Each structure stands twice: as structure tokens, then as C-alpha cells.
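Below is one structure, written out as C-alpha cells, with a few remarks after it.
The values are calculated or read from the model by the stated rules, or taken from the named source; none is laboratory data. The model shown is predicted, which means the values in this text are computed figures rather than measured ones. Cβ placement follows ideal geometry from the backbone for every residue including glycine, while neighbour counts extend to all protein chains displayed. Accessible surface areas use protein heavy atoms only, side chains included; no ligands, DNA or RNA. Shrake-Rupley method; radii C 1.70, N 1.55, O 1.52, S 1.80 Å.
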Amino acid sequence: MTSGTHLPDAAVRVLLIEDNPGDAGLVRAMLSESQGTEFRVEWVEALLPGMIRLGRGEIDLILLDLSVPDSQGLGSLTAIRNAAPNIPVVVLTGLADQDVAHEAVRCGAQDYLVKGELSGGALARTLSYAMLRQRNQARALATGSPAELGRAVGFLGARGGVGTTTVACHFSLELKQRTLSRVLLSDLDVAGGSAGFLMRATSEHTLQEAAKNLARLDENYWNKIVVSSADGPDVLLSRGFFAVEELANSERIRDVFDFTRSLYPWIVMDLGRLNSLAISMVLGLSDLFLVATLEVAVLFEVRRVVSRLADIGGNRSQLHLIVNQTPKHPEISPMEAGKMVNLPVDAVLPECRSELWEAYSDGKLLNAKTEFRRQLGRLAEKVAGLEAKKSK
Ligand SMILES: Nc1ncnc2c1ncn2[C@@H]1O[C@H](COP(=O)(O)OP(=O)(O)OP(=O)(O)O)[C@@H](O)[C@H]1O
Ligand SMILES: [Mg+2]
């Protein structure tokens with residue numbers, strides 16, 4: 001599985017309709033400093049030249065001052081929306097006109113910004129969201145129903161090397177094969193990044209790139225970022241070892257996943273170890289599986305992770321334990337381990353070093369008949385609610 005296509009030109013073309021040169025200059029300057037998405041601003045001073053420019057096409061977003069010399073108030077917005085119903089409009093208003101701004105949003109503007117309260121980061125983010133929202137609305141209209149949002153499940157290692165990536169990869173494969181729906185496996189392990197290796201997925205594009213180009217994130221762009229295969233999950237790679245700065249950038253990464261929820265019914269995350277990125281993702285998950293082995297030190301770590309998650313308001317009922325690398329004759333049973341950490345044990349996976357070695361040497365994941373796969377298949381059915389359906 002390889003993705004190596006070149007992405008489209010990522011600059012967002014903004015038409016700024018604004019009569020005050022000072023405000024126009026400010027918007028320009030702020031957008032030129034935007035990190036990530038590149039904005040190219042074309043400025044006109046009144047509605048009519050704006051409409052003429054729109055007629056020539058190739059505009060991605062309109063930033064509209066509601067009081068320009070040739071049009072005052074919502075009339076400008078209506079004219080623009082009629083001329084270009086598919087282009088998102090963000091309205092610029094003065095402090096005194098917030099009622100008008102709210103009315104503008106009711107009339108189809110994606111958002112509004114108050115002059116004098118602008119800051120570079122917020123401006124760029126507002127424009128990016130406006131584009132995302134417009135696309136989501138267009139898609140909902142095209143399919144006749146609001147997009148159903150996908151569910152995300154996470155795998156988090158109690159300690160390095162317990163097998164979190166191995167479990168997440170095999171689980172996502174089982175989930176795909178048993179639900180027969182689209183599954184996204186995303187590598188969010190900032191220190192490791194080995195999911196791509198196990199899934200044989202290579203690409204020059206990564207999660208970090210998607211996070212930088214939020215405004216460009218549509219289905220077309222997405223298909224170039226992600227690595228797809230016929231019978232396995234789509235794989236979203238991360239930059240691995242070099243991505244430590246992403247810890248500080250988790251908001252944008254969350255935005256990427258909010259977007260992916262409209263494309264995939266299932267999102268599986270390899271979260272690696274507990275760090276600030278993992279913490280920021282946890283509250284958006286429907287299930288979080290803590291992967292551990294039957295070692296006292298590892299179970300001790302599980303307890304620490306559970307209490308840290310409780311501190312940030314995590315829901316205990318979403319937490320489950322997966323015991324991995326279980327020896328044939330363990331000193332304590334997996335159930336005893338679950339009691340020690342006060343978590344339900346949702347899967348007990350056997351030690352299978354030689355099978356893994358053999359499978360990886362052939363460039364494959366474990367065979368579907370292995371106990372490891374079977375256990376994860378059962379878990380996938382439980383997560384997807386297929387068990388209940390079968391027993392009916
Ligand atoms: N059930 C198992 N039996 C035997 N070996 C296993 C099992 N699960 C994983 N391993 C092996 O343990 C090693 C670590 O696995 P993996 O990379 O999945 O762990 P991880 O917790 O994601 O590690 P990291 O902290 O490096 O991200 C690998 O060599 C893997 O093949
Ligand atoms: Mg890993």
C-alpha cells in the first residue's frame with residue numbers, strides 16, 4: 001500500500017470585500033502570517049467589483065464587510081449568496097453591529113468576525129472552519145441526510161513495548177472485515193510510528209500535513225493523504241519520531257479527526273503512551289482500551305493511567321483492559337489482573353512471538369485463524385454491536 005500522489009496547490013483564495021484600507025491591510029497581514037494553511041487574499045473595495053471578480057471564478061472563500069459604499073447590511077450577503085451559493089462567506093462587522101452579524105449567520109454566512117477583536121490565529125482558524133462546515137453542509141445536502149458521525153476507539157499502552165501497535169493494527173483489520181464498512185487506522189504514537197510498518201503502508205503524506213491544511217481538507221485531499229487498500233483499513237501515518245512538536249498542536253489534530261468522522265464509521269487510534277496528545281483525544285473516544293501485560297510493574301502503570309484519566313474527566317465506563325502476551329502458565333490470571341486495576345478485561349491475547357515473526361517475515365499480519373486474531377475479532381464485534389445482532 002503506497003500513497004505518493006502530489007497534493008493540490010494548498011493556498012486558499014480569499015476574496016476580501018472591504019472599503020477600509022486599514023482593515024484590509026490588517027486582514028492581509030494577519031493571514032500572511034498564518035502557520036499551516038496559506039491564504040492568498042484579493043482585495044476589492046465595494047460589492048460590485050466583488051461580484052465581477054466572483055464571476056471570474058477560482059475563489060474559495062469570501063470575507064465580506066457588511067457596510068461597503070455601494071451596499072449596506074444584509075443585502076450584500078444576499079447578493080453574494082445568490083451569485084455564489086457554494087462559496088463560504090465570513091462576515092466582518094464592527095463592534096456595534098453584532099445583531100446584524102447574528103442575522104447574517106442565519107442568512108447563510110458561515111461565521112462572523114468582529115473588527116478590533118481580530119487576531120491572526122483566530123482569523124485563520126475561523127476561515128478554515130468556515131470552509132470545512134460549508135463542505136459538510138454540501139455533503140449532507142447531496143446525500144439527503146446529515147452525515148452520521150463515526151465512532152473512534154483508542155488503544156493506549158500502559159508501558160512501551162506491551163504490544164499496543166500490534167493490537168491496534170490487528171483490531172482495525174478485524175473491525176474492517178467484520179463490519180464491512182470503512183475503517184481508519186491512525187497512528188498517533190508520536191514516539192513510535194510503527195503502525196505503517198506493520199500495515200505495509202508507506203506514504204510521504206501524514207497526519208501532520210492534514211493538520212496544517214485544515215482549510216483544504218475535503219474528501220479529495222483526504223484520499224491523497226491516507227493509504228488505502230481493498231480489504232484492510234485505510235491508514236493515516238504520522239511523522240513518528242520527529243513529531244514531538246505535535247504534542248503542543250493537539251487542537252488541530254483533533255480538528256482533523258472531527259473531519260474524518262464524517263468519512264468513516266470507525267476510527268481506530270494507536271495512541272502509544274499517555275501524553276498530552278493522547279489526553280486531548282481521550283474525551284472524544286467511545287472506547288479506550290488499555291493494553292498491558294501480566295507484569296506487576298505494568299499493572300501498576302495501568303493504575304496510574306486510570307487515575308490520570310479520571311483527573312481529566314474521562315468516563316470510567318469507556319475504559320477496558322486488554323491483556324497481551326499472556327504466557328501459557330501465568331503467575332496471576334488475567335481476571336485477577338483486571339480486579340487489581342478495577343477494569344473489565346475485554347480481551348486476553350496469547351504470547352505468539354514466533355507466529356508474529358513468521359507473519360511479518362512474509363509481509364503480512366497474523367492469520368485470521370490464530371487465537372490472537374480470533375480474540376480481537378470477537379472484540380471488534382462487541383465494539384460494533386454485532387454480537388447482540390447475531391444472538392437475536
Ligand atoms: N501477543 C504477543 N506475543 C508476542 N509478541 C508480541 C505480542 N504482541 C506484540 N508482540 C511483540 O512485542 C513487540 C512490541 O510490540 P508493539 O510494537 O506492538 O508494542 P508497542 O506497545 O506499540 O511498542 P512501542 O512502545 O514501541 O510503541 C514487537 O516485537 C511485537 O511483535
Ligand atoms: Mg507502538
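Structural remarks
- Pairs are defined by a Cβ separation below 8 Å, a sequence spacing of at least 6 or placement on different chains, a first member in segment 352-363 that is more than 20 Å from residue 329 (Cα to Cα) and more than 7 Å from ligand 1 (Cβ to nearest atom), and a second member that is outside any helix (DSSP H, G or I) and of a type in the set (S, T, N, Q); the pairs so defined are 359/367.
- If you filter segment 286-307 down to residues that are touching a helix residue (DSSP H, G or I) at 6+ places or on another chain (Cβ under 8 Å) and part of a helix (DSSP H, G or I), you find that the one that is surrounded by the fewest Cβ atoms within 10 Å (Cβ to Cβ) is 303.
- Just so you know, in segment 14-72 the residues that are among the polar types (S, T, N, Q) and over 29 Å from the mean Cα position of the chain (by Cα) include one that is least open to solvent (accessible area, probe 1.4 Å), and it is 71.
- Residue check for residue 204: open to solvent by 20 Å² or more (accessible area, probe 1.4 Å) and either within 16 Å of ligand 1 (Cβ to nearest atom) or at negative phi (or both): yes
- Checked against (1) open to solvent by 10 Å² or more (accessible area, probe 1.4 Å); (2) assigned by TED's automatic domain parsing to the domain that holds residue 231; (3) not acidic (Asp, Glu), residue 217 passes all but condition (1).
- Looking across 274, 299, one residue alone is more than 16 Å from ligand 2 (Cβ to nearest atom), in the same structural domain as residue 215 (by TED's automatic domain parsing) and within 19 Å of residue 163 (Cα to Cα). It is 299.
- Residues of segment 158-199 classified as outside any helix (DSSP H, G or I) and within 16 Å of ligand 2 (Cβ to nearest atom), total: 17
- Among the residues making up segment 114-134, those that are surrounded by fewer than 19 Cβ atoms within 10 Å (Cβ to Cβ), in contact with a helix residue (DSSP H, G or I) (Cβ under 8 Å, 6 or more places away or on another chain) and not hydroxyl-bearing (Ser, Thr, Tyr) are 114, 115, 116, 117, 118, 120.
- Taking segment 26-144 as the region of interest, the strands (runs of 3 or more DSSP E) fully inside it that hold 1 or more residues being closer than 25 Å to residue 11 by Cβ and among the aromatic types (Phe, Trp, Tyr) are 39-44, 111-114.
- Test: residue in segment 163-176 that is free of Cβ contacts under 8 Å to residues at least 24 places away in the same chain, farther than 28 Å from residue 222 by Cα, assigned by TED's automatic domain parsing to the domain that holds residue 368 and not aliphatic (A, V, I, L, M): no
- Checked against the criterion of being within 30 Å of residue 90 (Cβ to Cβ) and either β-branched (Val, Ile, Thr) or under 19 Å from the mean Cα position of the chain (by Cα) (or both), the candidates 166, 126, 202 yield just one match: 126.
- Residue among 154, 75, 160 that is exposed (fewer than 14 other Cβ atoms within 10 Å of the Cβ), closer than 30 Å to residue 189 by Cα and either touching a helix residue (DSSP H, G or I) at 6+ places or on another chain (Cβ under 8 Å) or not hydroxyl-bearing (Ser, Thr, Tyr) (or both): 160
- Figure legend. Inter-residue proximity from segment 102-113: first residues farther than 13 Å from residue 64 by Cα, second residues open to solvent by 20 Å² or more (accessible area, probe 1.4 Å) and of a type outside the set (Phe, Trp, Tyr), beta-carbon distance below 7 Å, spacing 6+ or different chains. Indicated pairs: 103/74; 107/74; 107/78.
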